Every structure is written in C-alpha cells, then in structure tokens.
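See below for the structure under consideration.
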Amino acid sequence: MPKKVENVGCPYCGVCCDDLVVTVSDDGKKILEVENACAIGNQIFHHATGGERIRLPRLRQPDGSYKEISYDEAVDYAAKVLHNAKKPLIYGFGSTNCEGMAAAAKVAEKAGAVLDNCASICHGSSFLAIFDNGYPSCTLGETKNRADVIVYWGANPAHAHPRHMSRYSIFPRGFFTGKGHKSRKIIVIDPRHTDTAQVADIYLQVKQGHDYELFDAFRAVVRGHEIPDVVAGIKREQILEVANILKKARFGTIFYGMGLCHSDGRNHNVDIAISLTRDLNDFTKWTIMAMRGHYNITGPGAVWSWQYGYPYCLDLTKRDIAHMNPGETSSVDLAMRDEVDAFFNVGTDAGAHFPIDAVKHLKKHPWITVDPNICMASEISDLHIPVGIVGVEVPGIVYRMDNVPIQYRKVIDPPEGVISDEELFERIHKRLCELEAEEAAKGQVKAAPEGVRAESEP
Amino acid sequence: MKTVTLTLTNPSELFLEGQNITPDNFAGKKAAEIAALDVWEGKQKSPLGKYFSVEGDGGATAAETKIVLRGDCTRTKRIGQQMTAGEIVIEGSADMYIGGWMKGGKIHVKGNVDSFCGIGMEGGELLVDGNAGSHLGSSPRGEWRGMQGGMIRVAGSVGNDTATFINGGTIVIGGDADIHVSTHGEGGTVVVKGNAKGRVGGQMVKGDIYVYGTIENPLPGFQMVGEVEQEVDGEKARFVHHIGDLGERHPVSRGKTVYANLYTRI
Amino acid sequence: MSELLIKNGFVFDPLQGIKGDRMDIGVKDGRIVEAGALANPKTIDAAGMTVMAGGVDIHSHVVGPKVNVGRLFRPEDKLFKSPLKRCNRMEMGFSVPSTFKTGYDYARMGYVFVNEAAMPPLHSPHVHEEIRDTPIIDNAAMPVFGNNWFTLEYLKNNEIENNAAYTAWLLRATRGFGIKVVNPGGSEAWGWGLNCEHIHDPVPYFDIAPAEIVKGLIETNEYLGLPHSVHLHCNNLGNPGNYTDTLDSLRLAEGYAPKNEFGREQVMHVTHLQFHAYGGDSWKNVESRTKEIMDYVNAHDNITVDMGQVTLDETTTMTADGPFEHHLRAGNNLKWANVDVELETAAGVVPYVYSPKIKASTVQWAVGLEIALMSKDLMRTFLTTDHPNAGPFTRYPRVITWLMSRAARDATMKTFKWLDRTIESTSIDGIDRELGLYEIAQMTRAGPAKALGVSNIYGGLAPGMDADVAVYALDPESMPSDPAEIEKVFGRCAWLVKDGVVTVRDGEVVAEPAKRTVWVDVKVPENAQVQRDIYEHFLRHYSVKLDNYSLFEEHLHNPRVIEVDTTQ
C-alpha cells in the first residue's frame, strides 16, 4: 500500500507551505504523488526519486573527469582544504536545515573561514536596512487575519512565491477578514506590469531605479507636505490617492522583493520603505516584510545571529572574534577582489549566480561543492559531496520568510549511504580538530591534499 | 617628530590587515619592535616585518610619530585605524578602512583609497589626492552615531553612500559623488564640488550639504526656500537654499523646526 | 561519577536558614549529599570564601525570536565591544550576547538556571534551538498567554476549566514552563495599533478587560497547581504616573491563595517592578512611588516581585509589549523592530541608552534599588535587570554591589548630572540600608527558586538537590572595603560546580556539562470542546498546520520534566 505523509513542508520558496500531502510507494523508495504544492514544489519532490542521484563524493582527476571516493576521503580532503587555506569562504545554505547551518558555523569557526549565505546576493541589502532602521513586521497569519490593504512593491509572487497570495495576503479569509479578497485593497508598485499587477486594484508603474524618490514623496505627503507634479513617473494625484489609502487602512502590510533590494541604492530603498511603515504607524497599523526567496534562506540569518550576532558575511578568520561588513566580507565582493583562497559552495549554485569574474577568481583555488544534485557549481568543482535533500530526505527546522520556524519532515530515506549536511559538517569539524592536534604535535600538516585541481577556466 | 618608513618589499598573497599601522602603536618602539607588530593575512598572523621593511624608530608619543608608507599598498587595509595623533603619509594608493574610527592626527594618501575610509571618524584629518570608494566618512553598520568630527578631503570623486548618518565634521569632495550623500544625516557638512548623481540628503534630519555642480535626480522631499550667499571652504558664492528631507522627522528648537539644508551653487 | 567536598566555606542557604555557618558541602553523582557520606572525594578548599547554591534567574530574555532580532539588528552592539574567545565558541555582543556568551557569562557569575521570560508559542521551535546552543545553564521558557485568542475567549466567558485544558495543551505543545502575561490585552490591541493602558480598558473586539484576564489566569494557574504562579508584566509599563495602574494590578491577586505541591507561596509574580513604580505625569516631573508599591507588596505575601534594575548602560529593550516599544521609539528615534504574532502576542525591540546624564535614567536607577531596599521580605523580592531591558545580566555583580554598599551607591550618584533633582524625586538618598550576603542569596537563588516552584532542585544546598554550588572569593568576616572588589568577586566566581562537575574555576569556564530544558507537563482530563477549538483555529486562522505547531520531540534537548497531574 502506498503511504500518505501529511503536513509536509515544501523545500522550495520562503512561503514554506506546510500542508503538502506526499504519497510514497509501499517500498518507501519512490514519490508517487504530491498534493497541494505549486508546480515548482511538486517538481522538487518528484526529482528526488525521478532520476539518477549522485551517491558518493566525486573528486576531480588529472584528465578532468570525476572519480567517486568515500565520504571519509571527502571529509579528509575538505578538512585539509579548510585547514590549509589562509582565508577560506563557506557560502550558500539556501537549501539546508538549521541543524546543518549550525554545524557549518562550527566548522567555519574552527577553520577560521568567512561564512556567508545566499542572502549576500539576495535580501542581504534588507539586513543592511534592518541594521540601520529596524523592521516593523508581523507573522503572515497576522496579515491573513487582519490586513485590509496589501502592497506588493518590486515583488512578483505570482511567479516567485506561487502560493503567497492565496495562503497569506490577497485571497484568504481570516478572522477579521471574513470576506477574503473582497475585503482587501491591493496595490502593486513595479516598473513592470507583472502577473501580480494583474490582480491589483491600483498599479503604479514606478520608473525603474527611482523607488527611493517615490517613497520619499509618500513620506512627505503623509506628513502633509507638497510634492512635485510627477515623482518617479507617477502623477501627484495618484500618489495622494494611494497615501490616503495607506493612512486609512485598518491594518496593512508592505511585501517587497528584489525590485527594491537589487535596484540602485539597494538597502536604502528598503530602509526608506521601513521609514514609511514606521510613519504610518502614527496613524494606523502597518507592517513590512521581505519576500525571502528560498524556503530556509531566513534560517542562516537566524542561526548565525544567535551564534555570533551577525546574520551573514561573517569573517571568522580572526579566530577570537567575528567581524561583519557587507561590501567587504560579502562573498561576491571577496571573490571579485580576489580576497579568498578556497571556496565551499553549500546547497546553492555560485557557478550560476556569481558574476563571471568572481567565479574566475574563485576557480584559481580549491572549490568544493556540497549539494544533493548536479549543478553548474558541482561541475566546475574539485570535489562534489552529495547530501540528502532537506524536506524530502532529511527533516529539520527551517525559518519561513516571516521568521516563523517550521518543523520539516522527511518523507523518504536518502539514497543509500548519502549523509545529511549536518553529519557531513560534524565529520569535517572532527577531522579539523584532529588536524589541529596533529599540527600542534608535529608542525605543519602536509600541504597539498590528494586529488588534482580542476581546469581553472569554468 | 620622528619618522618611521615602511616599504612594502614582500607583497602578500591575500589582502593584509594593518590595523596596527598607527602612530599610537609605533610610538615608543624601535624599528625592530615595530617590525614585530602583528598584521593579518586572512587567518594567518605574521609580523609586519615579513611584508614591510621598517626604517626609523617611533617617537616618544603618537603625536611625535610620523609613518611613511612606500610601495604598493592597494592590498593593505586598515592603515591608521583608530589613530589619535601623529601623521601617516601613504605615497601611493591604499585599500579599505584608511582612517577608520580616527580620533586625531593626520593621514595623507597621495593616490586613491577604496571603501569605508574615514568610517566612524571622530576627529583628525584625512586627505586623499585621488579618488575614494564607497562609504567615505560613513557610519559602521547599524550605528546611528556616524561621523562625529574631523575633516575628510578627497580631491577626486567618491562612490556611493558618502557620510551616512553623519553627525558632525566636514567632508569636502573635489569631484563627483555617486548616489546617497548624507543619508540619515543629523549634523555635519558635506561639500560636493562636482556633480551629485542623486538621493542627496535622503531621510536627513539636520546638517548641511553643498553641491556645486548638478544633481541628476533631486529628491521630492527637498523644497527650495530662497537664495543665500555663503562662504564655503574659503570662498564666497551664491547658492539656492533647499530644506528637507520633508518626509523625515525634524526636531524643534526654540519654537522653530530645524531642517537639513541643501545648497546648490548658482 | 566522582565525589567532591567543598570544605570550610561560609555557607549561605536561605532555603535551610543557614546564615554563613562554616560548613562542608558534599557532592556525589551530581547531587548534594551529607559531607560525611563521601568515601574518597576530591576537595575544594573554600576556606575564607562564600558558598551559595547556583544562581537562579527568574526573569531574563536570553533565547527566542525577539532576543535574536536584538542580536541581528545591532551589529554595533558587537563592534569593539566583544571579548576575545576564551572557551569553545566565540562570545559576541554586549547588551544582547550570543547564546554561547550568555551561557558562559551566567556560569562565570555562578548561575545555573535561567528562566526565559517570554516565549511566543508559535516560535517555540526557535526558542528550543537557541536553548540547545546556550551552554551550561539550565533553561525554562514561559509561553505568553495574556493576549492569546483562546485565553481571551475562554476567560471572557469565565470558562476556567477550558482555559486550563488549553493552557496544559500549550505548555506541552511548546514545552513551556508557566503562564507569562505581558501587557494583558494591550498587545492584542496593538494588532490595530492600539493599547490597553489601564486594567479596565476593554480589549478591542474581544470584549474583556486586562483585569479579567489576569484574574482568570490566576484562577487557571491555581486550578492546575503549576509550579510557578502567573508571571505578570503589568499594563502601562514605563510611563510616569503608572504606579496607580500597578497598584490596581497588584490588587487583582487579593483573595487568591496558592494551591500547589511545589512549595510556592505566591499567586502572582510581578516582574520588573521598577518600570511600574513612577509618579508624576511626564518625564519632566517623574518621581519615585516605590514606597506606595512596596508598602503594598510588603503587606501581601501572596505576591512576589523582581527589580528590573537600570544599570546605566547602552542596552537593547525588547518586550512582548508591542505598543510600548513603538512608544519608546517615538521618544528616542532609534531603530525599531516589531513582530506581531498571529493569535498570540506581539513584540518590539528598540536600542536604548540609559545615562547618568539623563534625569529619567537616574530616577529609574533609584527606583529599582528602592524596591529591594524597601522590601521587608527578600525571599519575595528578586534581583533582575529584566535583561537586557534595564541593562545586561552581566551587570548583576554591580547591582549586588549597589545593594550591599551605600558607598557604592554614593559613588555612582556622584556621576549624575541631575543629582539634586534625582534626590528630590526619589527616596534613595535617605536609605542607608546595606544588604548582607544572606539577603543576596535570598534574592538570587533561594527566593527565585521557591517562587518558580523548583526549590526542591535548585536554589539550595540540602542533600538530594542538584549539586549546583557557587563559591565566591569573599570572606564574610572581612568584607573588602572597596565596593569594586565585591563586583569583581560576583562577576567571576572562584568555583562553580554544576551537576557535580567543576565548571568554572577562578572565573574561567573549564567544562561544559550538559544543560537541561526544564518544562512542565500537566495532565488534564480530555476536553473535547478545547480540542475542537484548537482544531478550528488552526484550520482557519493560523498560518501553520496544527501537526507542525507542537514541538517535535527531536527538537527538545535534554529535557527535565516537572509533572503535574490534575486528574487525581
């Protein structure tokens, strides 16, 4: 009899739907059906058992091919790379559980590495804004139960967070919002007329790169000041109309996305959005929330904050104190400036996401990829270590975009022999401790680990 | 005043962190002791002398110590960090955090500097003959008490985020400024003698900005209130006076609301 | 396990009434034993030193989402302010330390048990993850109930039995310890940007007032017979003139008697009383009303309180009192974080600078100390800083010094810019009382342990209790003349034995024995209505599934369960 696993969390986006029902074949080896998930979430589950998986670590050979090695050999190689590098960079964690992130931090601290996550190239600018200006926010259930005005600014959930609008914001009927969509006003602000804009009551086509000016205008208007006839491509009358809706809301939430944190000014666009939210709380209740991308990209920010007080871009190379300054200690900046001499790509694809110059610099040094699947990064690595897929094969805690922890389940076992991120990092940590002890006992550990560097041009 | 000359003879593989290169740390030390001070290359701590040749002894105090850096310091960070007195001359260019958290003394860089120079500055003087990167005279992450005092003068152009959260002191830029000047400012003065790209004075509470050239994208939160004549950096000129950021909070002093001032040269 | 003999120390154990007698304390298999029962113990020479049970903190914000927001959004709280690494893990942060620094610093001060003051139930997996990463000290965490929709609805209809069943369910779901109430009704009102400043202000929509919430929760607590009492953060925190609201809140306990099997004698613990004892009607004319408040507390022994002492530091305020943090930000214009939690609570976080140059701060400083110095029963008055709200817990040694030494208070007062006005507005200058070591032991271990209902395990040195022993290099027969010496001694204990393991020696952590999560499991009769209500709210109003809400067993770390059975 196929088995149904209920209340399964989805390892796709920051919406963290936890209502999936997954049907598993009676031998527990195949995922047959996934209910309630969006098309992308669905695909992640089916992919796990749909095709061939990498079952052993693979080490680059002189002819450029990969050779399978044991986990013990891979752990030894990884530990030696970390131990011998002067400034290794451990980056990724978009698709790992918090237990794995905590273990990775232990490794980074022991190795004297820089520890960073995908927020660095995503919502990291939101962190900068939060450092400077705070974060008046709420959980998604608050929005569902109370909000009568919703703003999506520079975000397109219709594509990036497929069930966001139906679970939390526009459509659901909540405690004080029994009429669902009918009881809510939807405002979409975006340079592009996206599919999300299709459902808006009001759509403002802000001039690309000029969100900051539009926020400034809203703030001036809310305080009763005059503004020019047109700001950022929007007519004054429309700004006044929207400002009035914002002030008269019972409860509002601004959801913002990459449109703010990756256009000119980045963190400042978010920063002034926070200022506007704060101003509006002098009139009524407003909250703001970043549309975090991956299902657990909020996780490393949480875990590393309680461990070190910094959510990302942690420079642990000084061994006795952590330092953080995005712009310097952020992965892409380090890579572009050629500041690091070893690279760990964990549960992400820096090969695909980083600028080509950054990848070229990183490729001059050992590059290790930890990922369940084959990706661009794994194919240019010196070592690829497969791990189980969190949310499918490995359970654990993940943090939703509103910082709510969701306990994920496992629905099937990982392929035989494949270990979790957490176990992998615990083993690397153990090996690092041994190397340290060996070095303390008899001087420098033998420098070059076995195996050969991959071709340096990606 | 005694002079210590550091010459970069053995460049590092990675970037160097030289927060110990200050008159405060060199004062009272012989050349050999200075050469033994720590610098960092990633997690590797080494003596300064591994990379630099050191000539001359430090003075009795920081104020009596001058440091001259020769050779390519474009991969050396944090020179002059937290210095309180004395003088540093960098003959060429240098990397990040030059004069960061500086309290006194003087740094003269004859080339360019990278980002975060003069960050968290409380006093002293930082002169750059070339260009500066981003976050010049800015506040460290999350710190609402930005530049408190001192003087930064950059002959060339600067990157973005100049003088964020500035509270006091003066920054004079000979060339152009990229976006965000004095964002969240609550005091101090920034003079841009070239053009400013935009977002000048956003979320600013108090303080002064002068722009001699054009502002490509002025903010809607600044309003023109008249024309004034003012003496700036030793010369008198006429300016259009704007107040703002009207979207931001503003304190009331003696019954009058205090705004930030933006002066654009006529 | 090895045996230990802590020899010849001056022992202060208020739970047994031991007042500085020169005694030996025996330790075997992690428990205190009669010294004579040891066969071949290792010896700790405590001659000329003070010996107490491990410290117990009744109210401190150390783990969970708002604490972590405080860490995350204050990088400047780390820059040039963190000590260099000395233990297994780095120790970052000043006012909101990392989990590792929290555990190490409490241990260095001789503390072994810390009660997290507010756990938003929806975030309990987060709380337990942080507990896992807080070394050495045992933790409990109190879920918040005062603005919870279930609670509001049951109490509106006076359904104590149903509320009790729900409470028992939530304690188990979150692996929580007791009933925390923060600004009852006010944080729900904050969902609409409003507040309940007084105990009779109605909560929007729910048609109940804070007074009824508090009384209903006291009844629920005593119906269940929980180890701890209702733990109340009163309405109208931090506002001049609020002492009348505080007196109103205190009076809500009248007529209630404790009912429990844990030796607890109060029905209400009122926390960070300092923030609730102000007269005047603005910060210009604010004055201390500690006397009125403490007269009431002294006369009513079914109430316990803790100080919430202001330490005059730059710190980070954080509370489930959402509207208060919004209000505070409007005053100091610093960054403001807020998290409203669906159906349950809210939270706000704002940095704050308490300064000897600001009159409001120095008046607050005086009010806090007055609470302890005017107390007639220090078994009911506990030392806290409402960490990190009035100051970081790492300042406890300084607070102890102020309490023990008039000279220390005078020295601090000399730094006040508005000294005359502070003296005018408070009674602090007229108080010569100096507390002794026995009274400090009451305030920092025996009293809190008793009020938490755990005094059979923590807070004392009777045989059978946990072998948690702190030794301070302080000779009660020749106390140092320099008060700074007292601060030093309490900041870095000479020895800490935790669970029978030597954990701190000469102020440095030398071992990390396994820490525990302490929670309360209440057995109640099946209650179909409550089960149905839970099912309905999760179906319609929560954003997570019911089956994913309760903490999975694998996320509970090294539990110590206190069982309560109401079905007998």
Problem set entry | helices (runs of 4 or more DSSP H) wholly inside region A:60-138 that include at least 1 residues being within 14 Å of chain B (Cβ to nearest Cβ) and over 30 Å from A:Ile150 (Cβ atoms) | A:71-84, A:98-111
Problem set entry | region A:383-412: number of residues that are over 22 Å from A:Cys16 (Cβ atoms) and out of contact with any helix residue (DSSP H, G or I) (no Cβ under 8 Å at 6 or more places or on another chain) | 1
Seminar exercise, completed: Residues in region C:310-344 that are under 18 Å from C:Lys180 (Cα atoms), over 19 Å from the mean Cα position of the chain (by Cα) and among the aliphatic types (A, V, I, L, M) total 3
For this session: Out of the residues in region C:512-568 that are within 30 Å of A:Phe176 (Cβ to Cβ) and of a type in the set (Gly, Ala, Ser), state the one that is farthest from the other protein chains (Cβ to nearest Cβ).
Result: C:Ala528
Problem set entry | Check on A:Thr277, touching a residue at least 40 places away in the same chain (Cβ under 8 Å) and at the interface with chain C (Cβ under 10 Å from one of its Cβ atoms) | yes
Exercise. Is it the case that region A:147-155 has a residue that's out of contact with any helix residue (DSSP H, G or I) (no Cβ under 6 Å at 6 or more places or on another chain), of a type in the set (Phe, Trp, Tyr) and within 9 Å of chain C (Cβ to nearest Cβ)?
Worked result: no
For this session: Return yes when C:Arg89 is crowded, with 24+ Cβ neighbours inside 10 Å, basic (Lys, Arg) and over 16 Å from the mean Cα position of the chain (by Cα) and no when it is not.
Result: no
Exercise. In region A:144-172, what residues are within 23 Å of A:Val206 (Cβ to Cβ) and among the aromatic types (Phe, Trp, Tyr)?
Worked result: A:Tyr152, A:Trp153
Exercise. Of the residues A:Val270, A:Val303, which single one is facing another protein chain (nearest Cβ under 9 Å) and of a type outside the set (Phe, Trp, Tyr)?
Worked result: A:Val303
For this session: Scan region A:157-166 for residues that are under 15 Å from A:Met289 (Cα atoms) and within 12 Å of another protein chain (Cβ to nearest Cβ) and jot them down.
Result: A:His164
Seminar exercise, completed: Counting only helices (runs of 4 or more DSSP H) wholly inside region C:340-454, the ones holding at least 2 residues that are surrounded by 24 or more Cβ atoms within 10 Å (Cβ to Cβ) and touching a residue at least 12 places away in the same chain (Cβ under 8 Å) are C:359-373, C:396-404, C:437-441, C:447-452
Seminar exercise, completed: In region B:42-59, anything within 14 Å of chain A (Cβ to nearest Cβ) and either among the aromatic types (Phe, Trp, Tyr) or not in a strand (DSSP E or B) (or both) is listed as B:Gly42, B:Lys43, B:Lys50, B:Tyr51
Problem set entry | Yes/no for A:Leu316 being crowded, with 24+ Cβ neighbours inside 10 Å and more than 12 Å from chain C (Cβ to nearest Cβ) | no
For this session: Can you tell me which residue among B:Ile215, B:Ile209 is surrounded by 22 or more Cβ atoms within 10 Å (Cβ to Cβ), among the aliphatic types (A, V, I, L, M) and touching a Gly at 6+ places or on another chain (Cβ under 6 Å)?
Result: B:Ile209
For this session: State which residue is farthest from the other protein chains (Cβ to nearest Cβ) when the search covers only region C:333-347 and only residues that are in contact with a Pro (Cβ under 8 Å, 6 or more places away or on another chain) and polar (S, T, N, Q).
Result: C:Thr345
Exercise. Does C:Tyr458 fit the bill of being assigned to a loop (DSSP other than H, G, I, E, B), in contact (Cβ under 8 Å) with a residue 24 or more places away in the chain and of a type in the set (Phe, Trp, Tyr)?
Worked result: yes
For this session: With the condition kept exactly as written, say whether any residue in region C:277-288 is more than 29 Å from C:Leu334 (Cα to Cα) and at pLDDT 95 or above.
Result: no
Exercise. Tally time: how many residues in region C:259-270 are touching a Phe, Trp or Tyr at 6+ places or on another chain (Cβ under 9 Å) and touching a residue at least 40 places away in the same chain (Cβ under 8 Å)?
Worked result: 3
For this session: Would you mind listing the strands (runs of 3 or more DSSP E) fully within region C:495-550 where at least 1 residues are under 29 Å from C:Ile179 (Cα atoms)?
Result: C:495-498, C:517-523
Seminar exercise, completed: Within region B:131-149, residues more than 8 Å from chain A (Cβ to nearest Cβ), crowded, with 24+ Cβ neighbours inside 10 Å and assigned to a loop (DSSP other than H, G, I, E, B) come out as B:Leu136, B:Gly137, B:Ser138, B:Ser139, B:Gly146, B:Met147
For this session: Read through the list (1) buried (at least 18 other Cβ atoms within 10 Å of the Cβ); (2) outside any loop (DSSP other than H, G, I, E, B), then give the number of the only condition that A:His181 fails.
Result: (1)
Exercise. If we keep just the residues of region A:195-231 that are under 22 Å from A:Pro157 (Cβ atoms) and surrounded by 21 or more Cβ atoms within 10 Å (Cβ to Cβ), which is farthest from the other protein chains (Cβ to nearest Cβ)?
Worked result: A:Thr196
Exercise. (1) of a type outside the set (S, T, N, Q); (2) crowded, with 24+ Cβ neighbours inside 10 Å; (3) outside any strand (DSSP E or B): which one isn't true of C:Gly48, the others all being true?
Worked result: (2)
Problem set entry | Complete set of residues in region C:64-85 that are more than 8 Å from chain A (Cβ to nearest Cβ) and among the aromatic types (Phe, Trp, Tyr) | C:Phe80
Problem set entry | Among the candidates B:Arg145, B:Arg78, residue that is at positive phi and either basic (Lys, Arg) or modelled with pLDDT under 95 (or both) | B:Arg78
Exercise. Does C:Leu328 count as in contact with a strand residue (DSSP E or B) (Cβ under 8 Å, 6 or more places away or on another chain) and part of a helix (DSSP H, G or I)?
Worked result: yes
For this session: Please enumerate the residues belonging to region A:104-153 that are among the aromatic types (Phe, Trp, Tyr) and either over 26 Å from A:Val346 (Cβ atoms) or surrounded by fewer than 24 Cβ atoms within 10 Å (Cβ to Cβ) (or both).
Result: A:Tyr135, A:Tyr152, A:Trp153
For this session: Can you tell me which residue among B:Val225, B:Val205, B:Val240, B:Val232 is over 19 Å from B:Val191 (Cα atoms) and away from chain A (no Cβ under 11 Å)?
Result: B:Val225
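The values are calculated or read from the model by the stated rules, or taken from the named source; none is laboratory data. No experiment lies behind these values; they were computed from the predicted model shown. In this analysis, Cβ positions are derived from the backbone assuming ideal geometry, glycine residues included, and neighbour counts consider all displayed protein chains.
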